[in-house]
Amino acid sequence: MNIPVLYSFRRCPYCIRAHMALDYSNRKVILRTVALRNLPVEVLAVSPHATVPTLVINENESMAESWDIMKWALNQNDPENWLGANNVYQHKAEPLVELNDVSFKQNLDKYKYAERFPEQSMKYYRGRCESFLEALNIMLQENKFLLAERISIADVAIFPFIRQFSMVDKTWFDESPYPVLQHWLKLMLNTLWFGQAFKKHELWQAGDENLYL
Ligand SMILES: N[C@@H](CCC(=O)N[C@@H](CS)C(=O)NCC(=O)O)C(=O)O
């Protein structure tokens, strides 16, 4: 059987969620860790915006969007039902992921690299991020995880970005008025899937022996 190849960059939040979903689905996948500044031709050939993660499924099929990779993985095998009955969690996650990937991510980048956006202060950009944090915190007051008492596709898709946010100013985050969000982030960071996705690997070079997820 053909074995898909995941091109990934360790600290990229999109890569983390794709890696976790593929690992969870137990699909055999080859992992190739790459550097953003030196993406291999295999990625450039199939990824329209030259980004990772990129999943090359076979010579005719590939995916360059992490959310698509997650859904692809879970549709093959979803042992703990992260998609929910009739994919209800996937449907509920769609608008949340859109908000995360578009407006929250833009504000997060400005908060993280505030010196590159001197029109406003770092504090201002953090404030822009906070409306999303507040919304998640409210959801997490209702359930232990975003959509239910257990992990769903929504948690895995979103927490890598909250992790990134939390690390910009760890002291501020730890003292912020979002205690359930802080607790949820810890739960997600303690999952075995995150542990696997965040393992350090040597950068892939053509000719290397296959490394599997
Ligand atoms: N919409 C894409 C976004 C992926 C993305 O932006 N990845 C970043 C790394 S975090 C990237 O590859 N950037 C290329 C670069 O910085 O050269 C997805 O969901 O997979």
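Derivation of every value follows stated rules applied to the coordinates shown; laboratory data play no part. Here the structure is a predicted model, which is why all the values come from computation and not from measurement. Glycine also receives a Cβ, built like all others from the backbone with ideal geometry; neighbour counts cover every protein chain displayed.
Neighbours of residue 124 by Cβ distance under 12 Å: Lys/Arg scored +1, Asp/Glu scored -1, total +2.
Each residue of region 16-24 was assigned a 3J(HN,Hα) from its phi angle through the Karplus expression (A = 6.51, B = -1.76, C = 1.60, θ = phi - 60°), giving 4, 5, 5, 4, 4, 5, 5, 5, 4 Hz with x at Gly and Pro. The magnitude of the dipole of the chain, with charges of +1 and -1 set on the Cβ of Lys/Arg and Asp/Glu and taken from the Cα centre, is near 460 debye.
Left without a cysteine partner by the 4.7 Å Cβ rule in the chain: 129.
Shown for region 85-191: lysine pairs separated by 8 or more places, or found on different chains, whose C-alpha atoms are under 18 Å apart, numbering 10. Whole-Hz Karplus values for region 180-188 come out as 6, 5, 4, 5, 4, 4, 4, 4, 5 Hz, taken residue by residue from phi with 6.51 cos²θ - 1.76 cosθ + 1.60 and θ = phi - 60°; glycine and proline positions read x. Convex hull volume of the Cα atoms of region 5-80, normalised per residue: 82 Å³.
Here the calculated FRET efficiency for residue 170 and residue 117, from their Cβ-Cβ distance with R0 = 30 Å, stands at 0.90, rounded to the nearest 0.05.
As an exercise, take the mean of 1/r over every pair of distinct alpha carbons in the chain, invert it, and state the Kirkwood radius in angstroms.
In the chain this quantity evaluates to 17.9 Å.
Mean projection of the Cα convex hull over all viewing directions, computed for region 85-191: 6.5 nm². Based on DSSP H segments of at least four residues, each scored -39500 (n - 2.57), the chain has a per-residue ellipticity at 222 nm of -15000 deg cm²/dmol. Remark: region 91-102, residue by residue, has Karplus-estimated 3J(HN,Hα) of 5, 5, 6, 3, x, 5, 5, 4, 4, 4, 6, 9 Hz, where x stands for each Gly or Pro and the curve is 6.51 cos²θ - 1.76 cosθ + 1.60 at θ = phi - 60°.
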